Amino acid sequence: MTPIDSGDLTLSCKNSPLQQQLFQAIRSKVVSHLWPLGGKLPSTRKLALELSISRNTVIAAYEQLVAEGYLESRPGSGFFVAVELPEHYLNVKDRNPKSPAPSACRERPLLNQPFSPGIPDLAQFPIEKWQRFLQRHSGRLSLLGCQDVQGSMALRSAIADYLATSRSVSCSPSQIVITSGAQQALYIASRVILQSGDALLMEQPGYTQMSKILDLNRVQVEPLCVRQHQGFDLQQVFSSRAKALYITPSNQYPMGTTLNTEQRLALIQWAVASKSWIIEDDYDSEFQFAHRPYTSLQGLASDVGGANRVIYIGSFSKVMFNGLRLGYMVVPESTLEQCLVVKDAMGGDTPTHTQEALADFIREGDLLRHIRKMRRLYQHKHALTCQSIHRHFSPQVQVISQAAGLHVTLSWFCSVDEEEFVSQAAANGLVIRALSYYEDSAVKQGITRDWGGVVLGFGNVALDDIESNIAKLARIFDSLMAQA
Ligand SMILES: Cc1ncc(COP(=O)(O)O)c(C=O)c1O
């Protein structure tokens, strides 16, 4: 039973008696469903006081509403919006159905299903430990007020140390900005270094969430076509006059290629010589299964005096969980103030208690312990996913991504339509993504692909369910191949 606040209830029609005005005002709230069915009205005494009218007027109006079926009177409890409204009103409504609100029309996307790309193994997260960290800070009064828009100093220090040891990123805590996921960091970076009409080089297929930002900011995308196993052509970058380059060098999303140290150094040289920017999105570099991860571009750039051209972006969505919505950016000092101006305008500081809990989670070694455990598990899942694909899919279907991260990318040359495959899989409760999803709509026309492909996230599928789900996908694929 929801208590109803009289809110903006007003008596407007001056020509009719007060009781009638109140009757009409309440009736209109009820029939337009602004007051919920079953909701409890304010007491007659309270409403009389709030509207500065006599209690008798309120009682009379309530009783009239009860008599006409809009309210129910429950002795000893008060007045409630009737659960069944009067027939005549319902009939009128049926003849003029109100179109549903836009949000009600939107198809709800399937989220976190088996194979949804980008979701870590949520069941493995040490949730009780995490609750203790949150609990430790939840009673701190000093965290209740407004905080530094750049983010908690404790968290920035912990991230600076973590990045130095794990990714050779060279920075001080003063260069780190805490963000609401990598997504906000990408937005801030784009906003600070690019103006409407500027050009940015971006991998194609590439990270769709970045395309949305560029679209919003009217940045022109120069597509860097990523080829299977090879990556993009660096010569195209060297001959470009684009103001910036956005890359996912450790595990190209979604093709799963990687840039080696030599290629990274060449890109840094280009950025320094042409005074261009590199946005390095290192979203899942913690999970490399086949070789040691390459040093981050930011780290290499610091060694060769080019760090002032690199914005490094990271996320806790993969190493912890997506709903945490925490990420960070490491920025050259020259751009810091501008980044803070943009972040401030976008909503200001980041939830404080969570930042402090995360700082302790990192400092006390729990993040590293979790990453190590998950690296072993994902390596196992990756191997099992690839073996199951070889066992159940037809030989046309190949895994083209490297052994890294939380997804595998498949390709085939036969005539199975990738989008049809995706929708048939969804109808069976499995979420995979067509490669076309990652192709920027503005440049799609210029890109011709004579092969199909999909991305399959193995992070959030239980080990025991991998083979059966892959077999299910393979059956869907085979039936589409038979129809083609
Ligand atoms: C390429 C890339 N960058 C960044 C992210 C992380 O984004 P966020 O931290 O906003 O969840 C993802 C997540 O899927 C990603 O695929």
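Here, each number is a calculation from the coordinates, and none is a lab measurement. Here the structure is a predicted model, which is why all the values come from computation and not from measurement. In this analysis, Cβ positions are derived from the backbone assuming ideal geometry, glycine residues included, and neighbour counts consider all displayed protein chains.
I want the local charge near SER388. Using Cβ-Cβ distances under 11 Å, sum +1 for each Lys or Arg and -1 for each Asp or Glu among the other residues.
With Lys, Arg at +1 and Asp, Glu at -1, the neighbours total +1.
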dims of the range 401-484, Cα set, principal axes, largest to smallest, nearest Å -> 42, 33, 21
Please report ASP450, ASP8, ASP121 as a ranked list, fewest other C-beta atoms within 10 angstrom at the top and most at the bottom. ASP450, ASP8, ASP121
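List the relative contact order of the range 173-230 as a percent without decimals, with contacts defined as Cα pairs under 8 Å and 6+ residues apart.
Working: 50 pairs, mean separation 21.2, N = 58.
The value is 37 percent.
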With only Lys, Arg, Asp and Glu charged, each at its Cβ (+1 for the first two, -1 for the last two), find how big the charge dipole of the range 274-420 is about the Cα centre; round to the nearest 20 debye. 700
Fewest Cβ neighbours within 10 Å first, please rank LEU406, LEU51 accordingly. LEU51, LEU406
Gained length - HIS291 relative to SER441, 0.36 nm times residue gap less alpha-carbon distance: 50.6 nm
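Please compute the contact order of the range 334-411 in relative form: average sequence separation of alpha-carbon pairs under 8 Å and at least six residues apart, divided by the residue count, as a percent.
18
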What distance in nm separates the two pseudo spin-label positions at LEU234 and SER12, each 7 Å out from Cα along the beta-carbon direction? 6.9
Using only helices, what value at 222 nm comes out for the chain when you add -39,500 (n - 2.57) per DSSP H run of length 4 or more and divide by the total residues, to the nearest 500 deg cm²/dmol? -13500 deg cm²/dmol
At GLU419 and TRP451, where each label point lies 7 Å from the Cα along Cα→Cβ, what is the point-to-point distance in nanometres? 2.1
Exposed-loop cut sites defined as trypsin sites (Lys or Arg not before Pro) in DSSP loop states with at most 10 other Cβ within 10 angstrom; longest site-free run of the chain spans 276-484
Could you tell me which of CYS171, SER211, GLY78 has its Cα farthest along the dipole of the chain towards the positive end, charges placed at Cβ (Lys, Arg +1; Asp, Glu -1), taken about the Cα centre? GLY78
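As a test, work out the antiparallel percent of DSSP beta bridges whose residues both lie in the chain, rounded to the nearest 5. Let's see the in-between values first.
Values: 25 of 43 bridges.
Antiparallel bridges: around 60 percent, rounded to the nearest 5.
The chain: D in µm²/s via Stokes-Einstein (Kirkwood Rh, Cα pairs, 4 °C, 1.567 mPa s)?
Numbers: Rh = 26.2 Å.
In µm²/s, the coefficient rounds to 49.
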Using C-alpha positions alone, give me the convex hull volume of the range 162-285 per residue in cubic angstrom. 112
Estimated inter-spin distance, ARG55 and ARG140, nm [label 7 Å along Cα→Cβ]: 5.1
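At a Förster distance of 25 Å, what's the computed FRET efficiency of ARG372 paired with ALA471, Cβ-Cβ distance as r, to 0.05?
Numbers: r = 31 Å, r/R0 = 1.23.
Using R0 = 25 Å, I get an efficiency of 0.20.
By the scheme Lys and Arg +1, Asp and Glu -1, what is the net charge of all other residues having a beta-carbon under 10 Å from that of ALA434? If you can, show how the numbers build up before the last one.
Numbers: positive: ARG433; negative: ASP417, GLU418, GLU419, GLU420, GLU439.
Counting the neighbours of ALA434, the net charge comes to -4.
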Under the Karplus relation 6.51 cos²θ - 1.76 cosθ + 1.60, θ = phi - 60°, what is the ordered set of whole-Hz ³J(HN,Hα) values for the range 135-152, x standing for Gly and Pro? 4, 4, 9, 5, x, 7, 4, 5, 8, 7, x, 5, 10, 4, 4, 6, x, 4
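Can you give the percent of C-alpha pairs in the range 130-224 whose distance is more than 17 Å?
Details: 2929 of 4465 pairs.
More than 17 Å apart: 66 percent of the Cα pairs in the range 130-224.
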Residues GLU84, GLU467, GLU356 in order from fewest to most other beta-carbon atoms within 10 Å are GLU84, GLU467, GLU356
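Cα-Cα over 20 Å: which of LYS381/LYS472; LYS373/LYS472; LYS212/LYS243; LYS14/LYS46; LYS243/LYS318?
Values: LYS381/LYS472 17 Å; LYS373/LYS472 29 Å; LYS212/LYS243 18 Å; LYS14/LYS46 22 Å; LYS243/LYS318 29 Å.
Beyond 20 Å between Cα atoms: LYS373/LYS472; LYS14/LYS46; LYS243/LYS318.
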How far, in degrees from 0 to 90, does helix 463-483 lean away from the longest principal axis of the Cα atoms of the chain, to the nearest 10? 90
At a Cα cut-off below 20 Å, give the aspartates and glutamates reachable from LYS343, other chains included and same-chain residues fewer than 8 away excluded. ASP148, ASP215, GLU280, ASP281, GLU333, GLU356
Compute the FRET efficiency between CYS386 and GLN483 as 1/(1 + (r/R0)^6), taking r as their Cβ-Cβ distance and R0 = 41 Å, and round to the nearest 0.05. 0.95
From Cα pairs below 8 angstrom and at least 6 apart in sequence, can you work out the relative contact order of the chain, rounded to a whole percent? 18
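Under the rule a/c < 1.5 gives rounded, and otherwise a/b versus b/c splits prolate from oblate, where does the range 305-443 land using the Cα gyration tensor?
Note, shape of the range 305-443 comes out prolate.
Compute the length gained on full extension between LEU216 and ALA67: take 0.36 nm times their separation in residues and subtract their Cα-Cα distance, giving the result in nm to one decimal. Each step should come with its number before you reach the end.
On the way: separation 149, 0.36 × 149 = 53.64 nm, distance 5.49 nm.
Stretched fully, the LEU216-ALA67 segment lengthens by 48.2 nm.
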Rounded Å value of the spacing that divides the Cα centres of the range 355-395 and the range 25-86: 57
